[in-house]
Amino acid sequence: MSASTASDQRWMRRALELARRGVALTHPNPMVGAVLVGDGKLLAQAFHTWGGLLHAEALAIQRAGAAARGSTLYLNLEPCCHSGRTPPCTQAIISAGIRRVVAAMADPNPVVSGKGFRALRRAGVEVDVGIGQEEARRLNEAFAHWIRRRRPYVTLKAAATLDGQLAFASPTRRASGGASGKRNGRRWISSAESRERVQQMRHASDAVLTGIGTVLADDPLLTDRTGRKRRRPLQRVILDAELRLPVSSRLARTAASDVIVFTRALAEGAAARRLMRAGVRVVHVPGRSGKLDLAAVLSELGKMDLVSLMVEAGPALNGALLAAGLVEKLVLFYAPVILGREVVPLARGARADGAPLASPSRVAWSRSGPDLVLEGYLRDVYGNH
């Protein structure tokens, strides 16, 4: 990689901004932005939306036309060098006579990583890699995880009090956790600003997962209410070992091929048939010690091309996922409240080796209205665990 210039950094920031416009639109492909620059001036720009359409670099080249010859192309991701639903972008770059390609990172797929760069260099195109790499990696971390491990990238989100409780007590019953709300006598824990941020997180996810306990306690919808376009409806996933999901629940009543229930019960049973008639997809997975095999659930979701999964659950499921090492990222919203007694802890469980359930690294704190938000990583999807 050659030394970056202020101009290179500027145009790479633009490519990353364009790539972010592809949130929820590229499924299951990565988000890519492309900027073509000649003599210091913008010639064309584009971002990838969904499969079947031209990739960002090919679209930018098409828009620039003959002006692309001798230009510099800025990309947040290595261009593809294989044919799929679209021709190889490397060939389009070479044919257009582009002089230089500046890319933030290599393709995270180990099978193809670096091949696009090698194809360009063989054709005499100058290639620089690494400018904006950290941001580019964060942008497509879910894709990188899925393409390498074939299971979704799991983000565990929770809203809690400062002393780590997921819910206020109901005056009539003990609450079971999950998404805090005014339902069943409970009040919101997080602020309006935090709840809006959660909707943005849902919009950026392919699926949201919870347990049957949260469903029975809160009767949630678990929908993306941003109103923004998405490539595929948000998949609403429920873990329900004994298939207790009521047909009268809001999830079942609003199912339109976007509600998936994982269960140990037979898919041919009466309860399963009732749910399937309502439009719910029922998937049988094996169980262990009376509970669902969480790794098997994630494997099945990966086969459905679900790249990113957001968990909004109660303490038992949170604890089980953390103990099994199946969570990549934590996003915890802490409201400025100390409850002073245990009602519903953030997570309940233990690891076999006695270590803490979670010890996040690369921790960042931010504000969301009056709330504090912790974001931390439990796994490095690019190989450094």
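Carbon-plus-sulfur fraction of the accessible area of segment 18-159, 1.4 Å probe, in percent?
The computed percentage sits at 51.
Could you tell me the number of lysine pairs in the chain with C-alpha atoms less than 30 Å from each other, where the two lysines are 8 or more residues apart or belong to different chains?
16
May I ask which residue of I338, P315, P220 lies farthest towards the positive end of the charge dipole of the chain, with charges of +1 (Lys, Arg) and -1 (Asp, Glu) on Cβ and the Cα centre as origin?
So the residue furthest toward the plus end is P220.
Based on the mean of other beta carbon atoms within 10 Å per residue, what is the order of 207-213, 130-136, most packed first?
Ranked by mean Cβ neighbours within 10 Å, highest first: 207-213, 130-136.
Counting Lys and Arg as +1 and Asp and Glu as -1, each charge on the Cβ, what is the dipole of the chain about the Cα centre in debye, to the nearest 20?
The calculated dipole for the chain is roughly 780 debye.
Run the numbers for D305 and S257: contour at 0.36 nm per residue of separation, minus the present Cα-Cα distance, in nm.
This chain segment gains 15.8 nm when fully extended.
Run the numbers on segment 308-364 and let me know its relative contact order in percent, using alpha-carbon pairs under 8 Å that are six or more apart.
Over segment 308-364, the number comes to 47 percent.
Take every Cα pair under 8 Å in segment 344-385 that's 6+ residues apart, average their separations, divide by the length, and report that relative contact order as a whole percent.
27 percent.
Could you work out the relative contact order of the chain, using alpha carbon pairs under 8 angstrom and six or more residues apart, expressed as a whole percent?
Result for the chain is 16 percent.
How many angstrom separate the Cα center of segment 1-76 from the Cα center of segment 320-385?
Segment 1-76 and segment 320-385 have Cα centres separated by 35 Å.
Return the calculated 222 nm mean residue ellipticity for the chain, to the nearest 500 deg cm²/dmol, obtained by summing -39500 (n - 2.57) across DSSP H runs with n ≥ 4 and dividing by the residue count.
Value at 222 nm, helices only, nearest 500: -7500 deg cm²/dmol.
Give me the net charge of G70's neighbourhood, meaning all other residues with Cβ under 14 Å from the Cβ of G70; Lys, Arg count +1, Asp, Glu -1.
+2
Per the 1.4 Å probe, what fraction of the accessible area of segment 312-385, in percent, lies on carbon and sulfur atoms?
Carbon and sulfur together cover 55 percent of it.
Determine the share of segment 239-303's accessible area contributed by carbon and sulfur atoms, expressed in whole percent, with a 1.4 angstrom probe.
On segment 239-303, the fraction of accessible area on carbon and sulfur atoms equals 51 percent.
Report the FRET efficiency, 1/(1 + (r/R0)^6), for A6 and A270, where r is their Cβ-Cβ distance and R0 is 56 Å, rounded to 0.05.
0.25
How large is the accessible surface per residue of segment 325-385, computed with a 1.4 Å probe and reported in Å² as a whole number?
Accessible area per residue: 53 Å².
Under 10 Å, Cα contacts only: if you run a Gaussian network model on the chain, which one of A364, A92, A56 comes out with the highest mean-square fluctuation?
Comparing A364, A92, A56 in the GNM, the peak value goes to A364.
Using the per-residue mean of other Cβ atoms lying within 10 Å as a proxy for protection, in what order, highest first, do the peptides 332-338, 226-232, 68-74 fall?
So the order, starting with the most tightly packed, is 68-74, 332-338, 226-232.
The values are calculated or read from the model by the stated rules, or taken from the named source; none is laboratory data. Predicted model, so just to flag it, every value in this text is computed and none were measured. Every residue, glycine among them, receives a Cβ derived from its backbone with ideal geometry; neighbour counts consider all protein chains shown. Ligands, DNA and RNA are excluded from the accessible area calculation, which covers all protein heavy atoms including side chains. Shrake-Rupley method; radii C 1.70, N 1.55, O 1.52, S 1.80 Å.
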